[in-house]
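The values are calculated or read from the model by the stated rules, or taken from the named source; none is laboratory data. Everything quoted here is computed from the prediction, not taken from an experiment. Glycine gets a Cβ as well: all are built from the backbone with ideal geometry, and neighbour counts include every protein chain shown. With ligands, DNA and RNA removed, areas are computed over all heavy atoms of the protein, side chains included. Shrake-Rupley method; radii C 1.70, N 1.55, O 1.52, S 1.80 Å.
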Amino acid sequence: MARNEGGGSGESAPRLSSSSRLRTGPDPFLVACRCFSFVTALTAILCIAVNVLSAVRSFRDGSDVFDGIFRCYAVVIAFIVVVAETEWGFITKFWKVLEYWAGRGMLQIFVAVMTRAFPDYSASQKDLILLQNIASYMLLACGVVYVVSGILCIGFLKRARQQKEITREQAVKDLEVVVKSSRGGHGTMWTSF
């Protein structure tokens with residue numbers, strides 16, 4: 001015997017299946033991806049700061065100019081990592097490899113190794129060594145997550161969900177335009193279709 005869920009009138013309310021429900025909030029997967037991207041960008045900024053400090057100390061002391069030059073390259077490449085995390089279309093247009101998570105992860109691992117390389121183990125620079133270790137291992141972890149996720153095609157899933165979200169937002173905007181024009185009372189809403 002079927003239950004009557006529509007009140008006492010005998011009409012049943014339409015049921016929505018789980019696939020036809022409208023999601024009111026943002027996609028949780030995309031939110032998690034944005035949060036991870038934000039953490040990765042902050043970690044790359046920390047690598048930039050550590051490499052700048054190390055380069056300044058190398059040039060100021062004059063003892064190891066090659067380490068200073070190496071740190072300058074690390075700063076430039078870490079900046080590319082930060083910009084890649086913003087997913088700016090200009091960068092992904094010219095460097096297609098950064099569109100894919102495995103390529104992005106390998107670049108992050110490279111910056112982490114550059115940040116960790118050539119440590120100066122002197123007693124006076126323990127703070128800098130600690131910052132180098134923290135920044136490099138955090139970016140290394142982010143890079144490994146990106147490479148593994150890229151192998152598992154998570155980046156493809158993210159791009160598909162982003163496209164779906166953009167399509168959904170455009171459909172909502174189009175529907176709002178149709179509703180606004182129908183409330184205007186002109187009666188010509190459907191003649192243009």
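So, with a 1.4 angstrom probe, what is the percent of accessible area on region 66-163 that is carbon and sulfur?
Values: 4220 of 5550 Å².
Its accessible area is 76 percent carbon and sulfur atoms.
What are the ³J(HN,Hα) values, in whole Hz, obtained from phi via the Karplus relation 6.51 cos²θ - 1.76 cosθ + 1.60 with θ = phi - 60°, for each residue of region 155-164 in sequence order, with x given for Gly and Pro?
x, 5, 5, 5, 5, 5, 5, 5, 5, 5
In Å, what Rg and Dmax follow from the Cα atoms of region 107-176?
20.2, 66
Can you bin region 28-171 into rounded, prolate or oblate? Criterion: square roots of the alpha carbon gyration tensor eigenvalues sorted a ≥ b ≥ c, rounded for a/c under 1.5, prolate for a/b above b/c, oblate for the rest. Please list the in-between numbers first.
Working: a/c = 2.84, a/b = 2.41, b/c = 1.18.
Prolate shape, in that a/c is at least 1.5 and a/b is the bigger ratio.
Can you list the lysines whose alpha carbon sits under 27 Å from that of K180, skipping same-chain ones fewer than 8 residues off?
Cross-link targets: K164.
Loop only per DSSP, at most 15 neighbouring Cβ atoms within 10 Å: give me the chymotrypsin sites (Phe, Trp or Tyr not before Pro) in region 94-155, ordered by residue number. Could the numbers behind the result be given before it?
Values: sites: F94, W95, Y100, W101, F110, Y121, Y137, Y146; in loops: W95, Y100, Y121.
Answer in residue order: W95, Y121.
Taking N as the number of residues in region 68-109, what is its alpha-carbon radius of gyration divided by 2.2 N^0.38 Å? Before the final figure, lay out each step's value.
Numbers: Rg = 10.6 Å, N = 42, 2.2 N^0.38 = 9.1 Å.
In units of the globular-protein estimate, region 68-109 measures up at 1.17.
Can you give the local net charge around E99? Use residues other than it whose beta-carbon is closer than 10 angstrom to its beta-carbon, Lys and Arg +1, Asp and Glu -1. Let's see the in-between values first.
Details: positive: K93, K96, R104, R159; negative: E87.
Taking every other residue near E99 into account, the sum is +3.
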